[in-house]
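Engineer: Got a structure for you, questions after.
The values are calculated or read from the model by the stated rules, or taken from the named source; none is laboratory data. All of these numbers come straight from a predicted model, not from anything done at the bench. Here the Cβ positions follow ideal geometry from the backbone for every residue, glycine too, while neighbour counts run over all protein chains shown. Just the protein is used for accessible areas: all its heavy atoms, side chains included, with ligands, DNA and RNA removed. Shrake-Rupley method; radii C 1.70, N 1.55, O 1.52, S 1.80 Å.
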Amino acid sequence: MPKSNPQVEEPDEKDIVVGDRPKTWAAGIPGVFHSMEPALDHMGPNRTRKTVLAMNQKDGFDCPSCAWPDPGRRKTFEFCENGAKAVTWEATPVVIAPEFWAEHSVSELRQRSEYWLGMQGRLTEPVYKPAGEDHYRPIAWSEAISILGDRLNGLDSPDHAAFYTSGRTSNEAAFLYQLFVRAYGTNNLPDCSNMCHESSGWGMGQTIGVGKATVTFDDFANADLIIIMGQNPGTNHPRMLTELEACKENGGQIVAVNPLPEAGLRRYKNPQKIKGIIGRGTELADQFLHIRLGGDMALLQAVSKRVLDAEERNPGKVLDHDFLQKHCEGLEELREHLSHLDEQAVLQATGLASAQIDELADRYMAAEKVIITWAMGITQQKKAVSTIKEIINLLLLRGNMGKPGAGASPIRGHSNVQGDRTMGIWEQMPPAFLEALGREFNFQPPLEHGVDAVETFRRMRDGRIKVFVALGGNLVGAISDTHVAEAAMETTDLTVQISTKLNRSHTVVGREALILPTMGRTEIDIQESGPQFVSVEDTVCAVHPSWGKVEPVSHQLLSEVAIVCRIAREVLGDGIGADWEGFEKNYDLIRDHISHVVSGCENYNERIRQEGGFILAHGPRDSRTFHTPTGKAMITVNELEYLEQPPGTLILQTLRSHDQFNTTIYGHNDRYRGIKKGRHVVFVNPEDIAELGLEDGQFVDVRGTYDDGVDRVLRQFRVVSYPTARGCAAAYYPEANVLVPLDSVAEGSNTPVSKAVIVRLEPAQAPSPADSAAPGTTASVS
Ligand SMILES: Nc1nc2c(c(=O)[nH]1)N[C@H]1C(S)=C(S)[C@@H](COP(=O)(O)OP(=O)(O)OC[C@H]3O[C@@H](n4cnc5c(=O)[nH]c(N)nc54)[C@H](O)[C@@H]3O)O[C@H]1N2
Ligand SMILES: Nc1nc2c(c(=O)[nH]1)N[C@H]1C(S)=C(S)[C@@H](COP(=O)(O)OP(=O)(O)OC[C@H]3O[C@@H](n4cnc5c(=O)[nH]c(N)nc54)[C@H](O)[C@@H]3O)O[C@H]1N2
Ligand code: SF4
Ligand SMILES: [Mo]
């Protein structure tokens, strides 16, 4: 039964408790116990049982949190602590009551934190904020859809609208959404991937022809060596630890490359095993490289150089000549380029010692099957695309691609972000896809590329985007340069959010605004032809069905598919050959079209119903086939560049705590890093604290140094002495987004550089009245 808004208490940041830091192990009993607490609090045992037992099971729903895959053989509990948090956050019976909208103005909601907004419960009815008013009010679905249709059809050009997607959206909804947007006339389809693994897509696409992992689930347990770069699996992909443990048990080794000694990279207490419950668990990392932020490109080049030098000393013994000759090109150019690599520059860039790099190179050369995994520590850097190309270089040298236990593995974030791309959510889909789409639905899709996430805000700023529609997510909360982005969003005429719960993007709006509430993945979706399932793709290209299991929290909710169909009918009428009414009634009809349009998804309805779904074909992984212009994998030459750091500054990365999913804040603890009851902290190496004349626990203002006339400051953050690499610092996203300039983006992918902001720490000053914009993120634009 629905319950209404709880009294939500927010901690006073002054009461932060800083305990042991960091923890030396992840998961185990406290992890599982901790995972059950919020569920039992809100949902009661029945709903908890229905959700938790169905999660990641073959006849259940896909965990809506991260994109880590499921094993072929499932256990009774196939989830982790953070999966449980995501599911209970969504399946909560707490709902926003109709009176809420009269009680709270938009300006007042804007003063609330993400935590408070999310804790208000599920959205259940469409609401509308008319121009000139400061309150949303409930309206009928038909009225909401007709307002949106009217505004879209009233624009001078379809390119004056942008249509965002976040990565929880199902394949079916994503496919229809991009079809609608293209039939409406634009490729303006920014998505969360633009801020996430976009750099991986480019780095891999340009070298091996596919932007997706070249490994399968089973490869992790069978690798001789897994190198984990710029990723914190203990928090962000927790069940990956089980596969890392399996790798160790099979005699494999693990190397972690990270400026922070993250708990999940050190030791793992597997809650499904006795030794994880009462023992010390499994030591994970055999080698830990405490790298300086942004130093990975230099490290990779230095390892490749050592591999090439070893080959020179032992001709024929080190490189995989057969593989290189048959499948790659560019080896000589790389050899020539790296022969000039400046070791001093490498040491400066990485903060490492030569002996540490030697050790990594020796491990790499001793292993026959190597996987390199990575996430945001690599992709959100200025040189991200080149760094990923260097990962590919290193793997290719010894043929670590297209064989069991080896490969390149970007680990995706949102549970279906990869599937959404497969379905055409991209502002730059290739002509072959657009042609197939046009043929199937009898229209001419626009060919000109659309805007990505950063470009959306630039165009808003210039008055060129007037209507903004979001299928999930929280774009103003997630994008860089909060204040610049929010000011841009407020120039629009209409903002529309299709959401499960409230977040900051519902409070920073255009002249008019709509919120359209939607069902989540945990909920049973019944349409005219009967119960429906949707499908998703995980980080290793496994596509499978997802069946909701609990009663929807309100009968007024529509599924994402239904919402997209109704908008499309309103805007397009019978304009293209698409049966929008039929799609809403029976999702099989959508999948029939997916079969015809999306390459690799032939016979989709049949294959998705096979037990466990199916794995998408992948040239490099399956047959060492490379869809590049030359038909070979490209070994590339990339000019080394690393961060210059003026004296007195630190390089700041923005990252996730253990109690959040992106902009969703579940709680205020970061257990593995020893932080309780607060988020306004900046982690700094003790030697840097001393050198800067600061003290552990002191309050500081964190000031960006980017020189474009905007003063970017985070006020009143507490310095926490922490073993991060020298010269580096860390603070939580999304609060620290105020410091990341909109124009500071990765070369070639346009992804915000969220992991390398040059900052100064100054003793804290009292906040000024101009600092009122985002709660908890007092910063000002001058
Ligand atoms: N519980 C939970 N799970 C999640 C999410 C969540 O918010 N919460 N988010 C999901 C999403 S969308 C994504 S994209 C993933 C994100 O997963 P991660 O990429 O693991 O997330 P971050 O917290 O951004 O952590 C970045 C890691 O990279 C390291 N790092 C930063 N800069 C560098 C660098 O220059 N070099 C190296 N070698 N390391 C560096 C940081 O110290 C940190 O350990 O997680 C997904 N899963
Ligand atoms: N500084 C900094 N900025 C970053 C990052 C960083 O590391 N540092 N990381 C970047 C990354 S990797 C990413 S992926 C982006 C994330 O950007 P987004 O994907 O835009 O943000 P989320 O916080 O995941 O979105 C959460 C909201 O989605 C809605 N939602 C949840 N489930 C559903 C659903 O099933 N359907 C619908 N329609 N809505 C739903 C809820 O309203 C919820 O409030 O942020 C990026 N921003
Ligand atoms: S590892 Fe990721 S997908 Fe798997 S249960 Fe945990 S949060 Fe969910
Ligand atoms: Mo992400």
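Engineer: When you scan the range 466-489, do you find a residue that is among the hydrophobic types (A, V, I, L, M, F, W, C), more than 16 Å from ligand 3 (Cβ to nearest atom), farther than 30 Å from Pro431 by Cα and in contact with a strand residue (DSSP E or B) (Cβ under 7 Å, 6 or more places away or on another chain), even just one?
Structural biologist: Checked against the condition, which is being among the hydrophobic types (A, V, I, L, M, F, W, C), more than 16 Å from ligand 3 (Cβ to nearest atom), farther than 30 Å from Pro431 by Cα and in contact with a strand residue (DSSP E or B) (Cβ under 7 Å, 6 or more places away or on another chain), the range 466-489 yields at least one hit.
Engineer: Have a look at Ile524, Ile563 and point out the one that is within 15 Å of ligand 2 (Cβ to nearest atom), touching a strand residue (DSSP E or B) at 6+ places or on another chain (Cβ under 6 Å) and within 30 Å of Gly613 (Cβ to Cβ). Spell out how you get there, then give the answer.
Structural biologist: Working: Ile524 fails: touching a strand residue (DSSP E or B) at 6+ places or on another chain (Cβ under 6 Å).
Result of the check over Ile524, Ile563: Ile563.
Engineer: Taking the condition closer than 24 Å to Thr625 by Cα and either under 30 Å from the mean Cα position of the chain (by Cα) or modelled with pLDDT under 95 (or both), does Leu397 pass?
Structural biologist: Numbers: closer than 24 Å to Thr625 by Cα: yes; either under 30 Å from the mean Cα position of the chain (by Cα) or modelled with pLDDT under 95 (or both): yes.
In short, yes.
Engineer: Which residue out of Gly667, Gly648, Gly678, Gly674 is more than 10 Å from ligand 1 (Cβ to nearest atom) and open to solvent by 20 Å² or more (accessible area, probe 1.4 Å)? Before you say what the answer is, go through the steps one by one.
Structural biologist: Details: Gly667 fails: open to solvent by 20 Å² or more (accessible area, probe 1.4 Å); Gly678 fails: open to solvent by 20 Å² or more (accessible area, probe 1.4 Å); Gly674 fails: open to solvent by 20 Å² or more (accessible area, probe 1.4 Å).
Of the residues listed, the single one that is more than 10 Å from ligand 1 (Cβ to nearest atom) and open to solvent by 20 Å² or more (accessible area, probe 1.4 Å) is Gly648.
Engineer: What number of residues within the range 355-373 are in contact with a helix residue (DSSP H, G or I) (Cβ under 7 Å, 6 or more places away or on another chain) and either open to solvent by less than 60 Å² (accessible area, probe 1.4 Å) or of a type in the set (Gly, Ala, Ser) (or both)?
Structural biologist: 8
Engineer: Taking helices (runs of 4 or more DSSP H) that fall entirely within the range 204-290, which contain at least 3 residues that are within 16 Å of ligand 3 (Cβ to nearest atom)?
Structural biologist: Numbers: elements: 217-222, 233-236, 240-249, 274-278.
It comes to 217-222, 233-236, 240-249.
Residue-by-condition table, conditions (1) closer than 14 Å to Trp68 by Cα; (2) open to solvent by less than 20 Å² (accessible area, probe 1.4 Å); (3) more than 16 Å from ligand 2 (Cβ to nearest atom):
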position	(1), (2), (3)
Thr207	no, yes, yes
Asp218	yes, no, yes
Asn222	no, no, yes
Gln231	yes, yes, no
His237	yes, yes, no
Thr242	yes, no, yes
Cys247	no, yes, yes
Val257	no, yes, yes
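Engineer: Please give the helices (runs of 4 or more DSSP H) falling wholly within the range 55-170 in which 2 or more residues are farther than 23 Å from Ile479 by Cα and within 16 Å of ligand 3 (Cβ to nearest atom). Steps first, answer last, please.
Structural biologist: Working: elements: 81-91, 100-103, 106-110, 114-119, 141-153.
Output list reads 81-91.
Engineer: Anything in the range 185-203 that is within 17 Å of Val597 (Cβ to Cβ) and in contact with a Leu (Cβ under 9 Å, 6 or more places away or on another chain)? List them, or say none.
Structural biologist: Looking only at the range 185-203, we keep the residues that are within 17 Å of Val597 (Cβ to Cβ), and these are 187, 189.
Answer for the range 185-203, where residues must be within 17 Å of Val597 (Cβ to Cβ) and in contact with a Leu (Cβ under 9 Å, 6 or more places away or on another chain): just Asn187.
Engineer: Quick one: is Ala302 under 30 Å from the mean Cα position of the chain (by Cα), in contact (Cβ under 8 Å) with a residue 12 or more places away in the chain and either part of a strand (DSSP E or B) or not assigned by TED's automatic domain parsing to the domain that holds Ala355 (or both)? Quick ask: steps written out before the conclusion?
Structural biologist: Working: under 30 Å from the mean Cα position of the chain (by Cα): yes; in contact (Cβ under 8 Å) with a residue 12 or more places away in the chain: yes; either part of a strand (DSSP E or B) or not assigned by TED's automatic domain parsing to the domain that holds Ala355 (or both): no.
For Ala302, the condition - under 30 Å from the mean Cα position of the chain (by Cα), in contact (Cβ under 8 Å) with a residue 12 or more places away in the chain and either part of a strand (DSSP E or B) or not assigned by TED's automatic domain parsing to the domain that holds Ala355 (or both) - is not met.
Residue by residue, here is whether (1) within 16 Å of ligand 1 (Cβ to nearest atom); (2) open to solvent by less than 10 Å² (accessible area, probe 1.4 Å); (3) farther than 30 Å from Asp219 by Cβ holds:
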| site | (1), (2), (3) |
| --- | --- |
| Gly72 | no, no, no |
| Gly83 | yes, yes, no |
| Thr124 | no, no, yes |
| Ala131 | no, no, yes |
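Engineer: Return the residues of the range 733-758 that are on the phi > 0 side of the Ramachandran plot and of a type outside the set (Gly, Ala, Ser); say none if nothing qualifies.
Structural biologist: Passing the criteria: only Asn750.
Engineer: Here are the criteria: (1) away from ligand 1 (no atom under 16 Å from the Cβ); (2) surrounded by fewer than 24 Cβ atoms within 10 Å (Cβ to Cβ). Tell me which single one Ala91 does not satisfy.
Structural biologist: For Ala91, the exception is condition (2).
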